[in-house]
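Before any comments, here is the structure.
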Amino acid sequence: MSGIDDPARMVSEFYRSVFYRIENPTLIIGPEFVVRDANPAAATFLGCDDPDEVVGTHVQEIVVDEDVIAAVAERVSRDDRWTGEVRIRTFDSRIYFGKGSAVPVEADDGDQYIVGLFTDLTQRRRHTRSLKVLNRVLRHNIRNEVNVLLGHVELLREYVGAEGEESLDAMSETLRDLIDRADVARELETTIRGNDRDVLSSVDLTARLERAVRTAEATLDATFEYDPDGSVAVIADEAVGTMLDEVLENAVEHNDADRPRVRVTTTVDEDEAVVRVADNGPGVPPGDRDRIFGREEIDQTHHGQGFGLFFVDQVMMNYGGQIEVDESDLGGAEFRLRFPRAR
């Protein structure tokens, strides 16, 4: 019996050993929602060399969504367990999506603590979303445009020589558009599914926006107005450049003005950076503002504006932001891209 002189100490050491061997990131959180202990998996996941570097961190610096923290607090106050989806921010501002669980435990001194465990589902989530995206592309955009192409092929049967030039031009234009959208779809698939652990990080939005405007000025027949005011970092990834290109191209492509005009501005507050792209085109009717992003089902009588805005909407959701459209004081549409700021 000499090995069981202090049973309470043995139990404490046993649970501590289990805690440190758990492969999932796990935290011990105090009543004030401050980390009291972290296992090595949590330290590595958050970007630290030692678990002690995590101790003392407030949970709000790790858990992205405050409503999740509130839900956990409400559950544990009733001595109940919480499980659900959660986004975790690492110490270098990378964002991971997964499933979290929080279990209330009472210490020997009577204080209540929370054991929080996280399972990373980032790659699985993005793979699932990419399959949904590609399915929608096949069902809507590609199918509709192939039907356009087939219609012109039928028209060609009735024409010979120069009389068929108009149909040939239409075929060529449709094919080029189809190829462009297929390229965007491929990039979206790569963005969402990613490689190994494709995660979000801090990106210089100002630099990416300046590059997109310069490209648009060189390739699109329109007047662009943009005066950057300082640098701002947001949560994003490499797809942000392509996404900004799509928004600027959309402002010109659907513009029926004699001289398309596009104004780009950025506003910043404590939580988000908002990019506004305003044009002098025909605008977007209120009833079409969800449909152009592919948020509503598309049929033969109601069409979206192609795959580009659907791509933008999906990427912005992936960033934890959103895109909106309203009327512009230039007379057309104003697209607002809301990015969460990097801390």
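Laid out as a table, the results:
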{"read-out": "Matching residues, segment 318-343, being assigned to a strand (DSSP E or B) and either more than 26 Å from Asn280 (Cβ to Cβ) or more than 14 Å from the chain's Cα centre (by Cα) (or both)", "value": "Glu324, Val325, Asp326, Glu327, Ala333, Glu334, Phe335, Arg336, Pro340, Arg341"}
{"read-out": "Lone qualifier among Leu209, Leu178 - being modelled with pLDDT of 90 or more and either over 25 Å from Arg276 (Cβ atoms) or surrounded by 14 or more Cβ atoms within 10 Å (Cβ to Cβ) (or both)", "value": "Leu209"}
{"read-out": "Exclusive hit being over 23 Å from Asp204 (Cα atoms) and touching a Ser or Thr at 6+ places or on another chain (Cβ under 9 Å), set Gly283, Gly230", "value": "Gly283"}
{"read-out": "First in segment 324-343 and assigned by TED's automatic domain parsing to the domain that holds Glu246, second anywhere and of a type in the set (Phe, Trp, Tyr) and at pLDDT 95 or above, Cβ under 8 Å, 6 or more apart", "value": "Glu324/Phe335; Val325/Phe335"}
{"read-out": "Of the criteria (1) under 28 Å from Leu121 (Cβ atoms); (2) modelled with pLDDT of 90 or more; (3) surrounded by 19 or more Cβ atoms within 10 Å (Cβ to Cβ), which one Val315 fails", "value": "(2)"}
{"read-out": "Checklist (1) polar (S, T, N, Q); (2) touching a Leu at 6+ places or on another chain (Cβ under 8 Å); (3) at pLDDT below 90; (4) closer than 18 Å to Ile28 by Cα applied to Ser101, failing item", "value": "(3)"}
{"read-out": "Segment 241-268, residues that are in a loop (DSSP other than H, G, I, E, B), surrounded by fewer than 20 Cβ atoms within 10 Å (Cβ to Cβ) and in contact (Cβ under 8 Å) with a residue 12 or more places away in the chain", "value": "His254, Asp256, Ala257, Arg259"}
{"read-out": "Some residue of segment 161-173 being closer than 26 Å to Leu248 by Cβ, touching a helix residue (DSSP H, G or I) at 6+ places or on another chain (Cβ under 7 Å), of a type outside the set (Phe, Trp, Tyr) and modelled with pLDDT under 90", "value": "yes"}
{"read-out": "Residue in segment 230-242 that is of a type outside the set (A, V, I, L, M, F, W, C) and touching a Phe, Trp or Tyr at 6+ places or on another chain (Cβ under 7 Å) present", "value": "no"}
{"read-out": "Considering residues of segment 34-52 that are assigned to a loop (DSSP other than H, G, I, E, B) and exposed (fewer than 15 other Cβ atoms within 10 Å of the Cβ) only, the residue farthest from the chain's Cα centre (by Cα)", "value": "Asp50"}
{"read-out": "Residues (hydrophobic (A, V, I, L, M, F, W, C), more than 15 Å from Ile62 (Cα to Cα) and not in a loop (DSSP other than H, G, I, E, B)) located in segment 82-113", "value": "Trp82, Val103, Val105"}
{"read-out": "Val252 being touching a helix residue (DSSP H, G or I) at 6+ places or on another chain (Cβ under 7 Å), at pLDDT 90 or above, farther than 29 Å from Asp92 by Cβ and not assigned by TED's automatic domain parsing to the domain that holds Asn147", "value": "no"}
{"read-out": "Among (1) assigned to a helix (DSSP H, G or I); (2) under 21 Å from Asp313 (Cβ atoms); (3) hydrophobic (A, V, I, L, M, F, W, C), the one test that Ala218 misses", "value": "(2)"}
{"read-out": "Tally of residues being polar (S, T, N, Q) and either within 10 Å of Val277 (Cα to Cα) or not assigned by TED's automatic domain parsing to the domain that holds Asp279 (or both) across segment 232-249", "value": "0"}
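The values are calculated or read from the model by the stated rules, or taken from the named source; none is laboratory data. Just so it is clear, the structure is predicted and the values come from calculations on it, not from any experiment. Methodologically, a virtual Cβ is constructed for each residue, glycine included, from the backbone with ideal geometry; neighbour enumeration extends over all protein chains shown.
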